[in-house]
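Inspection log for the structure reproduced underneath, given as structure tokens.
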Amino acid sequence: MSQEHTLRIATRKSALALWQTEHVARLLRAQHPQLRIELVPLSTRGDEILDRSLATLGGKGLFLKELEVAIEQGHADCAVHSLKDVPMDLDAPFTLAAILERADPFDAFVSTHYARLGLLPHGARVGTSSLRRQVQLRARRPDLDLRDLRGNVNTRLAKLDAGDYDAIILACAGLQRLGFEQRIRARLTAPEFLPAVAQGAIAVECRRDDASTAALFTALDHAPTRRCVEIERAMNRRLAGSCQVPIAGYCTEHAGLWQLDALVGDERSGEILRATARADAQTRDRLGLNVAEDLLAQGAERLLQRG
């Protein structure tokens, strides 16, 4: 793509999605000052259906299919996603041209009256739309009244402030990106509380055969983040994970060793299976598969079939 052309980036319409897409656009303009960029805001199925939990909607790619259609039909050249929303296997025409450096990967405890999870009173109402968050909350506080919570970040905060919930759980990265970092009362960190696979990472998707568009994002790709999230996604892929089953995974690298912590749970019974493993550069490519096999050996398939 020559720089006199306009790069059209598809994005969801939410404030967080627009922030993430504008962030990518700013980084691109720094690399390609003459490049013209146009945002193509779209609504997805996941955005439109707010009266049901994500788990009951089922399917894959609830927050990106419409963006892929726009690329296929020539209305956009690429799309920006929260990588945690991207299916483990993309449809054949597409590829991830860039995975940006990961922001804070953890979940945030947000409350107007309570400083941390342990201070919530018995039976407190906690809002979250994520089965992964629910199963981990239930393991730590089985007395809590866990309630579904949908909508964008502003909507969820407004429901908390209106008194509908005693606390809610949101992604730290989303709050920080939208200027709500002060609302974070406590961070729920690994290994005790594991995030969603690839949480905190932003990805750029384009057509696999569109080399000129992909080349624009070369400098934005953060290799250390890509290596870690690919390990997490390999684990999730082996488990055939979806939003219908609580699965979590978090990979870190230190001094040439990669560590993956993962879990599979059952939100109804509160049962959780956990696995952890390490690998060096020579064995890193199998780390995600090895952890998935460990979970399956513990009986994860039984939990996965309940989803």
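Points to keep in mind about this one:
- Of 9, 82, 149, farthest towards positive along the dipole that unit charges on Lys, Arg, Asp, Glu beta carbons give the chain: 149
- The stretch 105-225 - charge dipole about Cα centre, Lys and Arg +1 at Cβ, Asp and Glu -1, debye rounded to 20: 340
- Label zone at residue 122 (point 7 Å along Cα-to-Cβ), backbone N below 18 Å, the stretch 134-152: 138-146
- Rolling a 1.4 Å probe over the protein heavy atoms gives the stretch 82-231 an accessible area of 39 Å² per residue.
- Among 28, 228, 93 the positive-end extreme of the charge dipole of the chain (Cβ point charges): 228
- At q = 0.16, 0.22 Å⁻¹, base-10 log of I(q)/I(0) for the stretch 105-195 (Debye sum, equal scatterers on each alpha carbon): -0.55, -1.13
- Accessible carbon and sulfur surface of the stretch 257-307 relative to its total accessible area, %, 1.4 Å: 44
- Stretched out straight at 0.36 nm per residue, the stretch from residue 75 to residue 26 would grow longer than its current Cα-Cα span by 15.5 nm.
- Virtual spin-label span in nm between residue 215 and residue 280, 7 Å along Cα→Cβ: 3.9
- The alpha-carbon atoms of the stretch 1-40, seen along their principal axes, cover 30, 17, 10 angstrom, with the largest extent given first.
- Of all lysines in the structure, the ones whose alpha carbon falls short of 24 Å from that of residue 65, not counting any fewer than 8 places away in one chain, are 13, 84.
- For residue 147, the residues whose modelled amide H falls within less than 5 Å of its own, excluding neighbours fewer than 5 places apart on the same chain, are 126, 127, 128.
- Gain on full stretching of the segment that runs from residue 147 to residue 302 - 0.36 nm per residue minus C-alpha separation: 53.3 nm
- Inter-site label distance for residue 38 and residue 15 at 7 Å from Cα along Cβ, in nm: 2.8
- Span per principal axis, largest first, for the Cα atoms of the chain (Å): 61, 49, 35
- Spatially proximal aspartates and glutamates relative to residue 159 (Cα-Cα < 14 Å; intrachain offsets below 8 disregarded): 148
- Fraction of the pair-distance distribution of the stretch 154-307 above 25 Å, Cα-Cα pairs, percent: 43
- Working note: 222 nm ellipticity from helices only, DSSP H runs with n ≥ 4, each -39,500 (n - 2.57), summed and divided by the residues of the chain, gives -9000 deg cm²/dmol to the nearest 500.
- Antiparallel DSSP beta bridges within the chain, percent to nearest 5: 70
- Degrees separating the helix 223-239 axis from the principal Cα axis of the chain, which is the longest one: 60
The values are calculated or read from the model by the stated rules, or taken from the named source; none is laboratory data. Computed from a prediction, not measured in an experiment: that's the story for all the values here. Ideal geometry is used to build each Cβ from the backbone, glycine not excepted, and the neighbour counts take in all protein chains shown. To get the accessible areas, we keep the full protein, side chains included, count just its heavy atoms, and leave off ligands, DNA and RNA. Shrake-Rupley method; radii C 1.70, N 1.55, O 1.52, S 1.80 Å.
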